[in-house]
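Here, each number is a calculation from the coordinates, and none is a lab measurement. Owing to the predicted nature of the structure, the values given are computational and were not obtained by experimental measurement. Neighbour counts are summed over all protein chains in view; Cβ atoms, including those assigned to glycine, are modelled from backbone coordinates with ideal geometry.
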Amino acid sequence: MIHIFGDSHGLNTLKNLNTLNIPTNNKSLPSITMYRIGRDNIIINFDKNNIKQNDIICLLYGEVDCRCHVKKQVDLGRIENDVIKSLVEDYFKTIENNINNIKVIIFGVIPPIKKYEYEKLNGPITHEYPFLGTDEDRVRITNYMNMLLEQYAIDNNYHYFYPYDSYKNNDGTLNFELSDKICHINDNTNILKLFYDTYIKYQ
């Protein structure tokens, strides 16, 4: 059984996984931040009594943090890399404290969408959300978080999974034509193929 915990990307990135005949239990909820997972030492909707020895847990958090909250902390005077490192460290402490002797797949964070492409379709953003900082800021933040996620996954004997290379522009942003015109992947067929290969190898 695959158990999926994440924000809206947990719901979207692995949608239709059941078409691959992989038993799936998706407990993701929109707008859950990596910060919240680390702060509260709780993986939302996680119940160890529902997890069996041979199950695999997928975790997809961090996009909301990279898009909004890291830059907000930087604007308050904190150092960008310190904010990101603190988020990732607390995130992995929560994983370690809640998940034992079960295979874990840590998903990287999806590339950020360009603000002007979003606004061109959806109208101008008149408040500080959903995008803080420039496109370059959010690409840099996302890249550093993904570097740390991969490093910490390896250090903790988890599997790091980053399926977004074919969805990126050369500048590191999300290809708008391949998105849902908000911040998610639209057609995730390629992701499912990559995930299936990972699933088979990781069993």
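Observations on the structure shown:
- A Gaussian network model of the chain, with springs between Cα atoms under 10 Å, assigns the largest mean-square fluctuation among 83, 104, 70 to 83.
- Pairs of Cα atoms in the chain fall into 5 Å distance bins, from 0 up to the last occupied one, in shares of 1, 7, 16, 21, 21, 16, 10, 5, 2, 0 percent.
- Proximal aspartates and glutamates relative to residue 15, as straight alpha-carbon distance under 18 Å, when same-chain residues fewer than 8 apart are discounted: 7, 63, 180, 187, 197
- For the stretch 66-203: lysine pairs under 19 Å (alpha-carbon distance), excluding those fewer than 8 apart on one chain: 17
- The angle between the Cα long axis of helix 135-155 and the longest principal axis of the Cα atoms of the chain comes to about 20 degrees, rounded to the nearest 10.
- For the chain, the longest principal axis of the C-alpha atoms and the axis of helix 189-202 are separated by about 40°.
- Going from the residue with the fewest nearby Cβ atoms within 10 Å to the one with the most, 8, 166, 28 rank 166, 8, 28.
- Rounded to the nearest 20 debye, dipole of the chain from Cβ charges on Lys, Arg, Asp, Glu: 380 debye
- GNM result for the chain, Cα springs below 10 Å: residue of 123, 133, 38 fluctuating most strongly: 123
- Computed [θ] at 222 nm, helices only, for the chain once each DSSP H run of length n ≥ 4 contributes -39500 (n - 2.57): -12000 deg cm²/dmol
- Percent antiparallel among DSSP beta bridges (both partners in the stretch 2-202, rounded to 5): 10 percent
- For the chain, the longest principal axis of the alpha carbon atoms and the long axis of helix 80-98 meet at an angle near 20°.
- Eligible aspartates and glutamates near residue 48 by straight Cα distance, threshold 15 Å, same-chain separation 8 or greater: 96
- Projected label points at residue 20 and residue 198, each 7 Å from Cα along the beta carbon direction, are separated by 0.9 nanometres.
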